[in-house]
Each structure stands twice: as C-alpha cells, then as structure tokens.
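Asks: Let me give you the structure first, and then I'll get to my questions.
The values are calculated or read from the model by the stated rules, or taken from the named source; none is laboratory data. Keep in mind that what you see is a predicted model, and the values were worked out from it rather than measured. When we count neighbours, we look across all protein chains shown, and the Cβ atoms used for this are built from the backbone with ideal geometry, even at glycine. Keep in mind that these areas ignore ligands, DNA and RNA; they rest on the heavy atoms of the full protein, side chains included. Shrake-Rupley method; radii C 1.70, N 1.55, O 1.52, S 1.80 Å.
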Amino acid sequence: MIQIRNLVKKYGNHTAVDDISLDIEPGQVYGFLGPNGAGKSTTMNIITGYLAATSGEIKINGYDIYKEPEKAKTCIGYLPEIPPLYLDMTVYEYLKFVAELKGFEKAKIDNEVKRVMELTNITDVSERIINNLSKGYRQRVGFAQAIVSSPPIVILDEPTVGLDPNQIRETRDLIKSLGDSHTVILSSHILSEISETCSHVFIINKGKIIANDTIDNLSNYFNSHQVLEITAKGDKLRCKEIVEAIENVNSVSVDLGDEDGTVKITVDAVDNADVREDVSLALSAEKISIFEMKEDTKSLEDVFLQLTGKEEQDDSNI
Ligand code: ADP
C-alpha cells in the first residue's frame, strides 16, 4: 500500500531522516514510535506530499508521490500535529469546504459531512465556530477532515498531544475504530499509546528505523533471553568466575549486595536458554548460598529504552 525506499531528508548539514525503507500493508494500524526530534513528523510530511525529500522513493497505492502527486494524495487523509483548521468557520462549513477541496461531488457533500461528523462524534457542535471549541473537539474536527472522502490511508501525527486524559481515551478509541476500515499510521513518543492502538511498530531514532515488527514479536523477542537477578553470600570475583564458566551464560555482572557479605549477580543467558538450575548448582557446589533468585522480564518500555539508549551509546563511541 505504501512503499518507502531509501528516504533521506537533510536540513542543511543535519540529517533528519536517514535512509528509511519500509512497507505498509493494508488493514493494519502502524505506529511510528520515537523520542522527540527522531524524524517522525518529517517522515509523515514527506509521505503525505507536504515536504520534499532530499532523496528516495515513495509509492502510495502504486502512485509515485512526486510523479503523480494528485493521485497519490487522494489515497491519504492527514492530520498533522497542528490541525489545519479555519478557526472562524463553523464545523459544518469547514468540513464542507474540505469536501469541496477534495473534489467531492456537490450533491453528496452534505451526506459526507454528516457521516464524518457522526463517526468523530461532533454532530452536536456542527454549528459552532471552531475557535470556540475545546482542544479535544478541535482535534476531532481534525480527524473528521482527514477522513472526508474515505481515503484508504489515514495518517495521524502525535494525535493526543495536549489532550487531557479523557480526551486521550476518546481519541485512542477513535483511532482503533478508524483501523476497522482504514490503514492507519500514527506517530507518538508515548509507548503505551502505540502498544494500545497499533498492531505494528516502527521505532525511529535519530532518523533511522531501529525496529520494525509487530508489538507482540517485539516484546517476545526481547524476552527470549533470560536475565537473572541473584542475591548470594560469597566473594564478588569468585561468584563472577563461577557463573561465567557456565554453559549458555552470555554475560555476568556482580555488585556488592545490601546486606554485609552478600553480592548481587546479574546473569544474561543466551537466547532461549534456561540457566537457573546450572547457576544454582554451580554456586552451591562452591558453598556459596543463594538468598534470592528472580527472573527479570523486560517490558516493552525497557525494550524501547534499550533500543534508543543503545543508539546514544553508539554515537558516543564515534
Ligand atoms: P519528531 O517528529 O520525531 O519529533 P521531526 O521530524 O520534527 O521529529 O524532526 C527531526 C529533526 O529534524 C529534528 O532534529 C528537528 O530539529 C529537525 N527539523 C525538523 N524540521 C526542521 C526544519 N524545518 N529546519 C531544520 N531542522 C528541522
């Protein structure tokens, strides 16, 4: 549905989007997740034809965004981070205007405006001037303009920024319901938003895609290697030596424990290995008592921090 190949965007010397390639298939809700400044808005602005790329190729439903921009753009409804609203129009007038701009058949415009107002739950404010609406209602008007004429793809840039918790809940529900009939791409720097509303995630950091997978696979992948936290009574160096010598142990770190004479051992196993038994047998064979052993499972939040943090470290090594 959308193919992006080797997309690059430079602002002067600064590379905001750094060789991104990805595919969007129909019928899913995709999330662009990344810290502020990662390049999410820039990528979305390029996909929607609002911004020119420095290099790369984008095809929307087979149409090249540069060679056939009109055809490509009719496939997309876009809600930028700041909704493009005309504040002195009423909600109805504005949506009618959007429908006209999108070339909607005149006789059908009234029905279409009513349809999108109902879907986004704004029928009760249709005669209100947009300037007098709350931020939550304005955001819904922004959603409504994006789905006028039922584009197959709807792109939403940070759609819940600045909303209160109730409005955030409503907006997330709206995104999920849009996903039933549209391919949706949304960006966010909030992990819970992406994991709650999306089936597939692209994690973007410093202009690069650093993860591209389903939400489920991503958390399973990072939980596929065991991490053990052990409190034991023994010598720090000796504990490290013993555990390091165990088969399937990837890495070991040992710190002094909270109680006198105890140590905290963190064991990273190789993928899909369970080293609990070997570790406990090896330590007790050396008369080192284990006070506690627990398996640390990584949340998606840890995954995100690990991935984006890793990039920071990589940079500092350059
Ligand atoms: P995100 O949406 O992930 O917060 P952006 O796409 O807005 O990130 O920005 C990516 C990078 O590009 C940031 O470092 C930002 O400062 C820079 N940037 C964005 N727009 C411009 C611009 N018009 N001129 C110069 N730099 C820009």
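Asks: Could you list the square roots of 5 times each eigenvalue of the Cα gyration tensor of segment 224-295, that is, the equivalent ellipsoid semi-axes, sorted largest first and rounded to whole Å?
Replies: Details: eigenvalues 70, 29, 21 Å².
Values for segment 224-295, descending: 19, 12, 10 Å.
Asks: Nearest 10 degrees is fine. How inclined is helix 135-147 to the longest principal axis of the chain, computing both from alpha carbons?
Replies: The answer is roughly 70 degrees.
Asks: Keeping the other protein chains in place, figure out the carbon and sulfur percent of the accessible area of segment 2-214, with a 1.4 Å probe.
Replies: Working: 4700 of 9540 Å².
On segment 2-214, the fraction of accessible area on carbon and sulfur atoms equals 49 percent.
Asks: Still on this model: Could you give me D for segment 106-157, from Stokes-Einstein at 4 °C and 1.567 mPa s, where the hydrodynamic radius is the Kirkwood radius over C-alpha pairs? Units µm² s⁻¹, please. Please report the intermediate quantities before stating the final value.
Replies: Details: Rh = 11.6 Å.
Reported coefficient: 112 µm²/s.
Asks: While we're looking at this one, here's another question. Can you tell me what the convex hull of the Cα atoms of the chain projects to on average, as an area in nm²? It would help to have the intermediate numbers written out before the result.
Replies: Working: hull surface 82.9 nm².
Quarter of the Cα hull surface area: 20.7 nm².
Asks: Taking the Cα centre of the chain as the origin, how large is its charge dipole in debye, to the nearest 20, when only Lys and Arg (+1) and Asp and Glu (-1) carry charge on their Cβ atoms? Show your work: numbers first, answer last.
Replies: Numbers: 33 positive and 52 negative charges, 308 e Å.
The calculation lands at about 1480 debye.
Asks: Just to confirm, what accessible area per residue do you get for segment 224-295 at 1.4 Å probe, in whole Å²? Each step should come with its number before you reach the end.
Replies: Working: 4330 Å² over 72 residues.
For segment 224-295, the per-residue accessible area is 60 Å².
Asks: A further question follows. Mean residue ellipticity at 222 nm from the helices of the chain, using -39,500 (n - 2.57) per DSSP H segment of n ≥ 4 over the full residue count, to the nearest 500 deg cm²/dmol? Intermediate values should be presented prior to the final figure.
Replies: Numbers: 11 runs with 117 residues, N = 318.
One gets -11000 deg cm²/dmol as the mean residue ellipticity at 222 nm.
Asks: Hey, which lysines would be in cross-link range of K240, C-alpha to C-alpha under 25 Å, not counting anything within fewer than 8 residues on its own chain?
Replies: Cross-link targets: K264, K287, K294, K298, K310.
Asks: Here is a further query. Take every DSSP beta bridge with both residues inside the chain and express the antiparallel ones as a percent of the total, to the nearest 5.
Replies: Working: 43 of 61 bridges.
Rounded to the nearest five, the antiparallel share is 70 percent.
Asks: Just the ratio, please: alpha-carbon radius of gyration of segment 73-162 over 2.2 N^0.38 Å, N its number of residues. Present the calculation step by step, with values, prior to reporting the outcome.
Replies: Values: Rg = 12.0 Å, N = 90, 2.2 N^0.38 = 12.2 Å.
Here the Cα radius of gyration is 0.98 times the empirical estimate.
Asks: Give the angle, between 0 and 90 degrees and rounded to the nearest 10, that separates the Cα long axis of helix 300-316 from the longest principal axis of the Cα atoms of the chain.
Replies: 80
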